[in-house]
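Here's the structure we're looking at; comments come further down.
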Amino acid sequence: MKVSVYIGCSLDGFIARPNGDLDWLPEAETGASQETGDYGYTNFFKSVDVLIMGRKTFEKVLSFGTWPYQNKRVIVLSRTLNNLPHDLPDSVELKTISPNELFNKLEEAGYQHAYVDGGVTIQQFLRDGLIDELIITRIPVLIGEGIPLFGSLRGDIKLKHVNSNSFMNGMVQSKYTVIK
Ligand SMILES: NC(=O)c1ccc[n+]([C@@H]2O[C@H](COP(=O)([O-])OP(=O)(O)OC[C@H]3O[C@@H](n4cnc5c(N)ncnc54)[C@H](OP(=O)(O)O)[C@@H]3O)[C@@H](O)[C@H]2O)c1
């Protein structure tokens with residue numbers, strides 16, 4: 001199973017302000033423009049058969065009001081949540097499980113492409129050597145402090161740069177694969 005990260009971050013490496021705010025992300029303000037499309041998100045999302053997200057990202061998504069993932073299988077990781085809101089589709093599941101165990105279970109079940117979301121969650125999967133690909137969209141803004149995309153590691157993780165695309169609004173999207 002391939003495991004990907006697809007995320008937007010500030011040039012100084014944050015995925016949200018300290019309180020979780022995403023107001024500095026252009027999409028959050030204006031929606032996708034004609035020039036930029038959706039930065040390849042729709043095609044990426046179509047290629048994914050399971051989305052794994054941390055509880056904090058899940059709560060942020062819930063705050064948007066409508067569940068955006070239709071019936072895509074979503075696994076929410078948490079040690080503190082006991083249940084999910086009843087109005088979510090059956091495709092959403094809550095689990096307390098290590099990244100390695102989850103990876104093995106999903107692979108055994110035949111999943112082909114997982115999308116991992118949320119800073120702490122991505123960092124755990126990276127540390128456990130489970131991420132294959134990172135698609136990172138750098139927003140041309142410095143926010144000074146916030147929730148970091150990356151964190152401490154057991155050792156260096158070498159990456160291969162696959163490509164970068166820049167958009168008129170200054171966003172730069174780069175794709176890297178992890179050299180294993
Ligand atoms: N810029 C972007 O594109 C983007 C994308 C995604 C998210 N975000 C933002 O990032 C923020 C959230 O990121 P974050 O780093 O704070 O947190 P996160 O990764 O979304 O969630 C962390 C939580 O996930 C749970 N968790 C993670 N791994 C687990 C495991 N193996 N087993 C059980 N539970 C596990 C824990 O929940 P419990 O505490 O319940 O145990 C942990 O506190 C939000 O503000 C969100 O909006 C931004």
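Among the residues of segment 138-155 satisfying the criterion of being touching a Lys or Arg at 6+ places or on another chain (Cβ under 7 Å) and loosely packed, with under 15 Cβ neighbours inside 10 Å, which is nearest to T121 (Cα to Cα)?
Of everything passing the filter in segment 138-155, L153 is nearest to T121 (Cα to Cα).
Can you work out which of the residues in segment 42-57 that are more than 7 Å from the ligand (Cβ to nearest atom) and within 21 Å of L126 (Cα to Cα) is surrounded by the most Cβ atoms within 10 Å (Cβ to Cβ)?
I52
If I ask for residues that are out of contact with any helix residue (DSSP H, G or I) (no Cβ under 9 Å at 6 or more places or on another chain), in a loop (DSSP other than H, G, I, E, B) and β-branched (V, I, T), which ones from segment 142-180 would you list?
Listed by number, the residues that qualify are I143, I179.
In the list L134, L62, L126, which residue meets the criterion of being closer than 22 Å to W24 by Cβ, more than 9 Å from the ligand (Cβ to nearest atom), assigned to a helix (DSSP H, G or I) and out of contact with any His (no Cβ under 7 Å at 6 or more places or on another chain)?
Sole residue among the options that is closer than 22 Å to W24 by Cβ, more than 9 Å from the ligand (Cβ to nearest atom), assigned to a helix (DSSP H, G or I) and out of contact with any His (no Cβ under 7 Å at 6 or more places or on another chain): L62.
What are the residues in segment 85-105 that are among the aliphatic types (A, V, I, L, M), within 13 Å of the ligand (Cβ to nearest atom) and crowded, with 16+ Cβ neighbours inside 10 Å, if any?
The answer is L94, L102.
Using the structure shown, decide if L81 is surrounded by 11 or more Cβ atoms within 10 Å (Cβ to Cβ) and under 30 Å from L11 (Cβ atoms).
no
Only one of (1) polar (S, T, N, Q); (2) at pLDDT below 95; (3) under 27 Å from V162 (Cα atoms) is not met by N100, so which one is it?
Of everything listed in (1) polar (S, T, N, Q); (2) at pLDDT below 95; (3) under 27 Å from V162 (Cα atoms), N100 misses just condition (2).
Let me spell it out: the conditions are (1) assigned to a loop (DSSP other than H, G, I, E, B); (2) loosely packed, with under 13 Cβ neighbours inside 10 Å, and W67 meets all of them except one. Which number is the exception?
Every listed condition holds for W67 apart from (2).
Select from segment 70-112 the residues that are among the β-branched types (V, I, T) and either touching a residue at least 60 places away in the same chain (Cβ under 8 Å) or not in a loop (DSSP other than H, G, I, E, B) (or both) and list them in ascending order.
Of everything in segment 70-112, those that are among the β-branched types (V, I, T) and either touching a residue at least 60 places away in the same chain (Cβ under 8 Å) or not in a loop (DSSP other than H, G, I, E, B) (or both) turn out to be V74, I75, V76, V92.
From the list S164, S174, pick out the single residue that is surrounded by fewer than 13 Cβ atoms within 10 Å (Cβ to Cβ) and modelled with pLDDT of 95 or more.
Only one candidate qualifies: S164.
Do the conditions hold for Y115, that is, is it out of contact with any His (no Cβ under 9 Å at 6 or more places or on another chain), of a type in the set (F, W, Y), within 11 Å of the ligand (Cβ to nearest atom) and in contact (Cβ under 8 Å) with a residue 24 or more places away in the chain?
yes
The values are calculated or read from the model by the stated rules, or taken from the named source; none is laboratory data. These numbers were taken from a predicted model, which means no experiment stands behind them. A quick note on method: Cβ atoms are made from the backbone with ideal geometry, for glycine too, and the neighbour counts reach across all protein chains shown.
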